[in-house]
1. Measuring from label point to label point, each 7 Å out along Cα→Cβ, what is the Thr414 to Glu687 span in nm?
2. Amide H of Glu3 versus every other amide H placed in the peptide plane: which residues, excluding those fewer than 5 positions away on the same chain, fall under 5 Å?
3. Please find the FRET efficiency linking Asp287 to Ala192, where r is the Cβ-Cβ separation and R0 is fixed at 51 Å, and quote it to the nearest 0.05.
4. Take every DSSP beta bridge with both residues inside the chain and express the antiparallel ones as a percent of the total, to the nearest 5.
5. Once you put a point 7 Å from the Cα of Ala349 and another 7 Å from the Cα of Lys254, both along the Cβ direction, what distance in nm separates them?
6. Based on Cβ point charges of +1 for Lys and Arg and -1 for Asp and Glu, what charge dipole magnitude is obtained for the range 598-651 about its Cα centre, in debye rounded to the nearest 20?
7. Dipole of the chain, Cα-centred, from +1 at each Lys and Arg C-beta and -1 at each Asp and Glu C-beta, to the nearest 20 debye?
8. Please name whichever of Pro214, Ala345, Leu445 sits farthest to the positive end of the charge dipole of the chain, dipole taken about the Cα centre and charges placed at Cβ: Lys and Arg +1, Asp and Glu -1.
Amino acid sequence: MAEVKLERRGSVAVITLDNPPVNALSVATLTGLAQRVTAGLADPAIKAFVLTGAGKIFVGGADIREFGKPRPAEAPTLSQLIETIENASAPFVAAINGAAAGGGLELALGCHARIASPGARLGLPEVKLGLLPGAGGTQRLPRLTGVEAALDMIVSGELKPAEAALALGIVDAVAAGDVVAAAVAHAEKLAAAGKPPQRTRDLGGKIEAAKAKPELFANYRKETARRFRGYEAPQRCIDCVEAAATLPFAEGLKAERAAFLERVGSEQSKAQRHVFFAEREVAKIPDVPADTPTLPIKAAAVIGCGTMGGGIAMNFANAGIPVTVVESTKEALERGLSIIGKNYAATAAKGRLSQADMQKRLGLIKGTLAYEDIKAADIVIEAVFEEMDIKKETFRKLDALVKPAAILATNTSTLDVDEIAAVTKRPVKVIGTHFFSPANVMRLLENVRGRKSSKETIATVMALSRRIGKIGVLVGVCDGFVGNRMLAAYTRQANALILEGALPHEVDKVIYDFGFPMGPFAMGDLAGLDVSWRIRKRRQAEGKDNYPGYVVGDRLCEMGRFGQKTGQGWFRYEAGSRTPLSDPLVEATILKASAELGLKRRKIAAEEILERCMYPLINEGAKILDEGLALRSSDIDIIWINGYGFPAYRGGPMFYADRVGLAKILQVMRRLEEQHGEILRPAPLLERLAREGKGFGEP
Ligand code: 3H9
């Protein structure tokens with residue numbers, strides 16, 4: 001329950017915002033704060049004010065849950081409150097005891113001085129919600145930091161540690177001890193000086209420099225368009241900072257207000273707000289409550305030091321957890337460890353890792369050829385060759401050797417976790433941890449719950465995911481789990497489209513323009529066409545997939561065209577370049593395959609390409625929900641945004657589907673089923689929701 005307390009310390013009033021979990025500025029909190037400020041200003045005994053937050057956070061910003069909801073007309077706005085504070089004759093000092101984000105930092109910028117605790121982080125992350133700072137942040141921050149630093153902070157949305165904020169001029173001091181006591185002392189000093197308090201709005205000096213550099217904004221726009229392709233909010237942030245540099249303060253504020261209101265109502269912001277909550281929702285598992293006991297993970301082991309194993313090991317070292325990697329030959333181990341070393345060196349060369357931290361991380365990774373050396377590990381992640389027999393043999397060995405309390409996890413991307421668990425005496429401690437390549441970079445981790453995985457095992461692996469910087473999403477056992485099962489529906493259609501008349505670069509362009517970093521064919525070339533070819537052949541031999549549409553991909557592999565690594569695949573690549581170039585040989589192979597299958601090629605419009613790629617993917621997502629293999633549609637969105645590059649500003653495939661309208665998607669799926677058969681039959685959940693006029697987000 002929101003509460004705002006006022007406590008007197010001599011002539012200083014300490015106002016504490018107490019609205020757990022992050023002291024967000026809800027209508028109730030703002031109302032309470034406005035009442036305290038008004039009462040305090042009317043009290044002649046109060047000479048100065050300190051604003052702070054209860055708990056570990058200063059203020060996490062406006063209450064995002066209230067966006068788009070009706071506001072009582074009489075409720076004070078954050079902007080009005082900041083104006084009252086900034087114009088007050090008594091000084092206000094912000095005691096920033098923890099994160100000051102968005103509206104929280106804007107509130108602090110409206111104060112006359114800011115003191116931060118050493119662990120505090122400060123920033124304007126509104127852009128990540130498809131918004132921009134809407135309570136003066138774009139106008140006041142540049143006046144404190146200068147335009148360039150403000151652009152970097154507002155456009156990236158990153159929070160800065162207290163020391164960096166001090167260097168930038170955002171805070172006046174970092175308190176060594178109690179931040180509130182330091183702020184009270186500072187407030188007393190300001191009051192005693194008897195001068196009118198310094199208003200941030202009046203600080204003009206640092207923005208003057210930008211006026212002499214008109215090209216600054218044009219260059220920044222260009223660079224931002226490249227870095228945040230497709231996102232609207234970063235460009236609007238730049239517009240507002242430019243307004244700060246070129247317009248009087250009051251007009252700049254007006255421009256910011258108009259831009260903020262436009263953003264709040266935008267489709268992109270709705271999508272990005274959905275993603276914000278979805279990312280936090282993902283950790284909540286109905287039958288594994290937050291207080292479920294977890295196993296302490298003090299040491300980890302990884303079996304296999306190939307591309308995946310090496311990347312997985314780096315995650316542990318990055319989080320400060322010692323990890324031992326096991327390989328079968330000395331050569332493979334040396335190769336794997338040397339790649340890890342090169343990866344770290346590349347990060348250090350870019351200035352993103354100090355030499356000392358690099359050495360510390362490398363020191364946490366040990367290589368061995370002996371399973372004996374991992375007996376004491378708390379978790380073992382297997383990343384050996386993707387063959388059921390090899391996996392089973394590895395798990396038998398691990399089960400016999402590693403301490404009984406340890407969790408045994410498999411990084412399989414296609415095999416049955418239950419079948420692997422069944423060869424051990426501890427199926428309750430077996431789980432899938434499906435990392436995405438490159439495993440040290442990609443944030444997604446599909447944690448695959450086996451039939452027998454215990455709650456403790458699940459809770460441990462979900463908590464561990466967060467500790468190693470991943471977003472863990474709990475999924476069930478099925479062919480391809482959630483992400484790859486949906487991916488199969490998408491690539492199948494991409495392959496069908498090229499047989500019916502489109503060319504790979506045409507399909508890729510539609511998907512790229514939609515917002516993915518690349519289309520399915522360029523992605524195949526990057527991942528290596530031989531990987532899926534091998535899986536396909538195995539599945540065909542097992543009678544699991546007899547879809548004929550992969551004929552061109554198969555032929556390219558038969559020609560040794562495995563993608564970027566061989567310089568040619570769906571596209572050709574010039575030496576040292578990753579730019580896909582169309583190849584007449586591929587086109588001829590496609591035309592020949594179409595003719596052999598008796599298909600009359602036709603021109604396929606961009607809209608059809610998009611529908612054919614996206615709707616079957618969404619339909620597969622609906623089947624997954626029906627089968628209970630993902631907990632909620634927003635979990636699927638998180639998987640696709642973080643594992644496959646689905647544009648976050650579209651909210652993920654299931655959110656996107658709701659915006660398109662399920663009735664339209666159902667109509668297209670029915671047509672596709674008629675043309676292509678059962679594999680494209682609409683999911684029962686899609687049928688039901690469309691009939692009821694609902695969406696995946698409101699089943
Ligand atoms: C804004 O300020 C607009 C203004 O410019 C203009 C206004 C006119 N509202 O992340 P956590 C919830 S826009 C409502 O795990 P942490 C969150 O959903 C806002 N709820 O904590 C979760 O709930 P649950 C700009 C919020 O300690 C719980 O708090 N501000 C908000 O790891 C814990 O969240 C931002 O964009 C909110 N503003 O990190 C900052 N924030 O437990 C967004 C969090 O039910 N927030 N919740 O799942 C953050 O970046 C982090 O929460 C923060 C703390 C760094 C503050």
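The values are calculated or read from the model by the stated rules, or taken from the named source; none is laboratory data. As the structure is a prediction and not an experimental result, all values here were calculated from the model. Virtual Cβ from ideal backbone geometry, glycine too; neighbours counted across all protein chains shown. All accessible areas refer to the heavy atoms of the entire protein, side chains included, with ligands and DNA or RNA removed. Shrake-Rupley method; radii C 1.70, N 1.55, O 1.52, S 1.80 Å.
1. If labels sit at Thr414 and Glu687, their model points lie 3.1 nm apart.
2. Asp18, Asn19
3. Details: r = 60 Å, r/R0 = 1.17.
Calculated transfer efficiency: 0.30.
4. DSSP beta bridges in the chain are roughly 30 percent antiparallel.
5. 5.3 nm
6. 460 debye
7. Once rounded to the nearest 20, the dipole reads 580 debye.
8. Ala345
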